[in-house]
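Undergrad: One structure follows; several queries about it will come next.
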């Protein structure tokens, strides 16, 4: 159960309208790495968590906080859009023809669809999709994804901070940047604790039977591009990160499989080549007769 408190988690009040920046701000609301994505990812991870209660409670704490971030961004976008005079729109178009070509940089759906409000979409107007979220049931896999999500989200908010000089907008963005620092540290701490608790470890999943992994490929780094500079990295020699093997650098990896050869296409699929094997055999033999029979079935005369 959730309760809504009327006060925002933090200030979200711009100094002046700016519909152009409102559109840009949509990215960290409804983009791939926006607050809607982390909010839904964390909530589903928490609801689906079958691990110790401390992990479930922590995930739902941050998931619930992310609802507040969505609310702050939606409120800020609505205020940036509202009250923007027509003269502001006309000035934007006249000052920069490229900007004017896309309606002064504004998203018309803010007006037409949302009635001067925020949209569940990114800065290009693409609607948010649940395909952006991860909730796998494996806490270590999910927490690693969460570090990436918080890293990408913080990066984008920092870039947006540099794209505005509005004190009110910068104040809110600074708060989100601070919280994203905490959240990155939080997920890294949770990863370390999972491994300390012996619940999971590298690689994910750690319980897959080792005998089913063909040797010696488990710890080989394959040099699959021009140059050998990659040999200098930690990943090319020394103990593996799971402590169960030694990294080995393979300078010239060789193909391990066979040359693929597909069977003759069914004539009913109307592929590129018509009975290539029949043509190769000169139209004789059992294969030829079989192909003719299939063609007859397609024609409906039984091959006669």
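Undergrad: Simple spin-label model, 7 Å along Cα-to-Cβ: residue 231 to residue 207 in nm?
TA: The two pseudo-label positions are separated by 4.1 nm.
Undergrad: Same structure again: What is the fewest-to-most order of 132, 55, 42, 161 by other Cβ atoms lying within 10 Å of their Cβ?
TA: 161, 132, 55, 42
Undergrad: Among 56, 13, 6, which comes first, second and so on when ranked by fewest other beta-carbon atoms within 10 Å?
TA: 6, 13, 56
Undergrad: Arranged by the count of other C-beta atoms within 10 angstrom, fewest first, what order do 69, 183, 11, 4 take? Let's see the in-between values first.
TA: Values: 69 26, 183 22, 11 11, 4 7.
Starting with the residue having the fewest Cβ neighbours, the order is 4, 11, 183, 69.
Undergrad: Is the C-alpha gyration tensor of the range 210-250 telling us rounded, prolate or oblate? Criteria: a/c under 1.5 is rounded; beyond that, a/b larger than b/c is prolate, otherwise oblate.
TA: Because a/c hits 1.5 or more and a/b fails to exceed b/c, the range 210-250 counts as oblate.
Undergrad: Note the full-extension length gain between residue 220 and residue 199 as 0.36 nm times their separation in residues minus their Cα-Cα distance, in nm to one decimal.
TA: 4.9 nm
Undergrad: Only residues of the range 7-49 count here: report those whose backbone N is under 18 Å from the spot 7 Å along Cα→Cβ of residue 124, or say none.
TA: Zone members listed by number: 23-35, 37.
Undergrad: Considering every pair of different Cα atoms, what Kirkwood radius, in Å, is found for the range 148-219? Before the final figure, lay out each step's value.
TA: Working: mean 1/r = 0.0655 Å⁻¹.
About 15.3 Å for the range 148-219.
Undergrad: Something else about it: Using the basic label-point model (7 angstrom from Cα toward the beta carbon), what is the residue 138 to residue 3 distance in nanometres?
TA: Here the answer is 3.9 nm between the modelled labels.
Coordinate-derived values only; no laboratory data. Remember, it's a predicted structure, so these values are computed and weren't measured experimentally. Cβ coordinates were reconstructed from backbone atoms using ideal geometry, including for glycine residues, and neighbour counts include every protein chain displayed.
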